[in-house]
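Heads up, the thing below is written out as structure tokens.
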Amino acid sequence: MTTEIDISRKQEAEDYKNKANELFKNGEYNSAADMYTKAIELFESAIYYSNRSFAYLKTECFGYAFSDATKAILKGITGVHQPTWHWVNSNWL
């Protein structure tokens, strides 16, 4: 059963994700990763893990990128960022 608190947390998480997306577009990858982390703390989403994975990849934090890409996949995401998944396949599998 979804409560108002759950909906509020999910909306707040979406707000953090949107801020992170803007930071990412501006090349502020570390700050974007921080915002994705805040979103994940509020509401675990495969999309948030996938996005943070790509931010980590851009900052060459490869272990974190792999970990988050794996979490996104395990959570059932079908559209992990193609560059991230290509990198995982090329370097870790």
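The values are calculated or read from the model by the stated rules, or taken from the named source; none is laboratory data. Fair warning: this is a prediction, and the values are worked out from it, not measured in the lab. Please note: Cβ atoms are built from the backbone with ideal geometry, for glycine as well, and neighbour counts cover all protein chains shown. Ligands, DNA and RNA are stripped out before the accessible areas are found, and what is left, the full protein with its side chains, is counted by its heavy atoms. Shrake-Rupley method; radii C 1.70, N 1.55, O 1.52, S 1.80 Å.
Of the residues making up the stretch 42-72, those that are without any contact (Cβ under 8 Å) to a residue 24 or more places away in the chain, out of contact with any Phe, Trp or Tyr (no Cβ under 7 Å at 6 or more places or on another chain) and in a helix (DSSP H, G or I) are 63, 67, 70.
Within the stretch 1-33, no residue satisfies the criterion of being open to solvent by 60 Å² or more (accessible area, probe 1.4 Å) and under 10 Å from the mean Cα position of the chain (by Cα).
Among the conditions (1) under 20 Å from residue 6 (Cβ atoms); (2) among the basic types (Lys, Arg); (3) at pLDDT 95 or above, residue 25 misses just one, which is (1). Candidates in the stretch 35-63 are the residues that are open to solvent by 50 Å² or more (accessible area, probe 1.4 Å) and farther than 17 Å from residue 20 by Cα; of these, the one that is modelled with the highest pLDDT is 60.
One residue stands out in the stretch 21-66 among those that are in contact with a Ser or Thr (Cβ under 8 Å, 6 or more places away or on another chain) and of a type in the set (Gly, Ala, Ser): the one that is nearest to residue 9 (Cα to Cα), namely 39. Inspection of the stretch 72-85 finds no residue satisfying the criterion of being open to solvent by 40 Å² or more (accessible area, probe 1.4 Å), modelled with pLDDT of 90 or more and not small (Gly, Ala, Ser).
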